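Encoded as structure tokens, the structure appears first; notes follow it.
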Amino acid sequence: MSESPKKYDVIIIGGGPAGLSAGIYTARARLSSLLIEKAAVGGQIINAGMVENYPGYTNGISGVELTQAMHRQAEKFGLETLYDEVIGIELNGKQKVVKTPQGDFITKATIIAGGAERQKLGVPGEVEFTGKGVSYCATCDGAFFRDKSVVVIGGGNAAVTEALELTKFASKVILIHRRHELRATKIMQEKLMADKRIQILWDTVVLEILGDKLVNKIKLRDVVTNKESTLEVSGVFVAVGSQPATGYLKGLLTLDAVGAIVTNDRLETSVPGIFAAGDIRSGSIRQVVGAAGDGAVAAINAGKFLSG
Amino acid sequence: MSKPVEVNEAKFDEMVLKTKMPVLVDFWAPWCGPCRMVAPIVDELANEYEGKVSFMKLNVDDNPKIANRFGVMSIPTLIIFKNGQPVSNLVGFRPKPELKKNIDTALAG
């Protein structure tokens with residue numbers, strides 16, 4: 001970019017519930033605010049067909065509708081949105097230089113709300129068959145598996161949500177989990193167990209995803225007996241957890257053992273003027289309402305930092 | 001302002017395969033919430049590449065044959081066609097810079 005970099009009071013990185021909530025607060029506080037989102041506004045929760053635990057929605061609301069409303073609300077107060085990827089943050093005195101492929105942006109305060117990224121399973125066939133039977137989003141791809149047999153890999157809330165979503169389309173849904181108990185919350189487990197269309201394979205890991213042009217089977221191993229087997233399936237939905245998206249922040253901010261950003265109770269990071277909110281933060285409860293709360297805390301403290 | 005145009009089965013060959021200009025087709029469906037979230041990015045790209053690439057949207061629910069023909073089993077999927085051939089197939093959300101890189105490669109190649 002040849003012209004001088006644009007300046008903002010606050011730059012928010014990541015357009016999930018944490019970033020959107022932060023944007024509502026900073027823009028409404030009349031701070032010039034830019035939200036930078038690399039893929040799609042809404043974050044991980046747009047994969048959820050129904051969010052049942054966000055306060056105020058008696059009958060639940062889809063993740064897309066909820067975050068679209070948050071985005072409209074923030075833009076109403078003056079938040080600007082840029083679709084690009086942040087590749088680094090540099091410190092220049094008190095200023096922060098936020099670097100993107102299309103140029104630099106200068107800000108006094110930054111709120112990092114980049115969330116977590118779905119982890120890959122890391123087995124042969126996964127990359128080759130992505131979009132050819134391997135999926136990370138049941139609400140996007142479920143309908144392509146009408147009357148087919150599918151598996152969901154994982155044991156947390158995301159995996160259970162995917163399995164329940166898939167029963168709308170698939171003839172058979174099998175949840176495969178490497179342990180003998182789920183990490184998902186009780187209410188999710190109850191729903192899963194109550195659904196007779198879902199079968200669970202405990203203590204089982206996937207070794208390989210096989211197919212011709214499309215996925216047609218997977219190779220499994222029972223971790224208790226060590227017995228290997230194959231299972232004919234058309235779809236493999238991967239929901240094996242997520243990883244904080246902090247690759248570009250190593251060396252700049254203090255991170256915990258899993259790569260999440262360490263903050264204090266004001267959500268300040270190890271660098272003054274840089275705040276963290278939502279799933280990217282160490283100790284996050286990984287819930288939409290928590291992310292929204294974090295966004296507000298970070299935004300209010302960013303405001304205090306700017307006026308202080 | 002250039003906006004993506006809806007294309008269907010009947011017009012696919014004429015509008016996508018037989019045009020000189022490279023075409024980016026956004027495969028989507030109304031029930032795919034996440035597809036709605038990538039729409040603003042595709043709109044931005046349509047503007048930025050106006051006159052160089054034409055942008056189209058294909059509803060996979062209404063046009064299953066086309067989705068099938070190009071092996072689309074995951075949406076959003078963006079396929080870039082050049083001289084009637086798919087030259088780039090982007091499955092799922094991709095950062096805008098990565099989309100641009102793919103479009104630029106398709107244009108150059």
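The values are calculated or read from the model by the stated rules, or taken from the named source; none is laboratory data. All values derive from a computational prediction rather than experimental measurement. No Cβ is skipped: glycine too gets one built from the backbone with ideal geometry, and neighbour counts run over all protein chains shown.
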For strands (runs of 3 or more DSSP E) lying entirely in the range A:191-234, having 2 or more residues that are under 18 Å from residue A:159 (Cα atoms) and modelled with pLDDT of 95 or more picks out A:198-201, A:204-211, A:215-222
Of B:43, B:62, B:26, the only residue that is within 14 Å of chain A (Cβ to nearest Cβ), assigned to a strand (DSSP E or B) and either touching a helix residue (DSSP H, G or I) at 6+ places or on another chain (Cβ under 9 Å) or touching a residue at least 24 places away in the same chain (Cβ under 8 Å) (or both) is B:26
Among residues of the range A:235-256 being under 12 Å from the mean Cα position of the chain (by Cα) and not in a loop (DSSP other than H, G, I, E, B), the residue nearest to residue A:164 (Cα to Cα) is A:242
Filter the range B:66-90 for residues that are under 10 Å from the mean Cα position of the chain (by Cα) and in contact (Cβ under 8 Å) with a residue 24 or more places away in the chain; the one that is farthest from the other protein chains (Cβ to nearest Cβ) is B:81
Given (1) within 28 Å of residue A:61 (Cα to Cα); (2) within 12 Å of chain B (Cβ to nearest Cβ); (3) in contact with a Ser or Thr (Cβ under 9 Å, 6 or more places away or on another chain), residue A:168 misses just (3)
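Name the residues in the range B:73-98 that are out of contact with any strand residue (DSSP E or B) (no Cβ under 9 Å at 6 or more places or on another chain) and modelled with pLDDT of 90 or more, would you? So that I can check it myself, show each step before the final result.
Taking the range B:73-98 and keeping what is out of contact with any strand residue (DSSP E or B) (no Cβ under 9 Å at 6 or more places or on another chain), we get B:83-85, B:93.
Within the range B:73-98, B:83, B:84, B:85 meet the criteria.
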**OP:** Determine whether the range A:55-67 contains at least one residue that is in contact (Cβ under 8 Å) with a residue 40 or more places away in the chain, more than 9 Å from chain B (Cβ to nearest Cβ), surrounded by 22 or more Cβ atoms within 10 Å (Cβ to Cβ) and within 13 Å of residue A:14 (Cα to Cα).
**Re:** no
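In the range B:76-109, which residues are among the aromatic types (Phe, Trp, Tyr) and under 16 Å from residue B:46 (Cα atoms)?
Keep residues of the range B:76-109 that are among the aromatic types (Phe, Trp, Tyr), which gives B:81, B:93.
Passing the criteria: only B:81.
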